[in-house]
Amino acid sequence: MQNKTCVIGHVNPDTDSIAAAMGYAWLLCERDGMDTIAGRAGPLNPQSAWVLKQLNLESPVLLTDASPRFESVMQRLDSIRPDAQLSEAWTLASKTGGVAPVVDEDGNHTASSMA
């Protein structure tokens, strides 16, 4: 499940939340070719368990932690050297939403980039 996109509903899921997660995960897989899985953010209630049993469907996987991981939210940015022209920093910052990291030859931030 490492590289899958998990589709979940709200905490304390009810039948519509479970069905929506299952349906949307299926849609993303079929329509967009995404590697998806339906999940749930809490225990199944009796009604949802009954519906899934009647339809002979497996319960979505229980996700106990949906916190983002660093690798899923990180973004690698281009950088400039301390002796770069101001126009170079301006061009880079305009591409990255106002960020122009200044690094030395080893790729470490410099004192001027911490200001």
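When only residues in the range 38-58 that are aliphatic (A, V, I, L, M) and modelled with pLDDT under 95 count, which is farthest from N3 (Cα to Cα)?
Residue satisfying both the conditions and the ranking: L44.
Given the options S48, S94, S87, name the one that is small (G, A, S), surrounded by 13 or more Cβ atoms within 10 Å (Cβ to Cβ) and assigned to a helix (DSSP H, G or I).
One residue alone meets the criteria, S48.
Residue check, E71 against (1) assigned to a helix (DSSP H, G or I); (2) surrounded by 11 or more Cβ atoms within 10 Å (Cβ to Cβ); (3) charged (D, E, K, R), all met but one. Which one?
(2)
The values are calculated or read from the model by the stated rules, or taken from the named source; none is laboratory data. Only a predicted model underlies this, so the values are computations on that prediction, with no experimental measurement involved. Cβ coordinates were reconstructed from backbone atoms using ideal geometry, including for glycine residues, and neighbour counts include every protein chain displayed.
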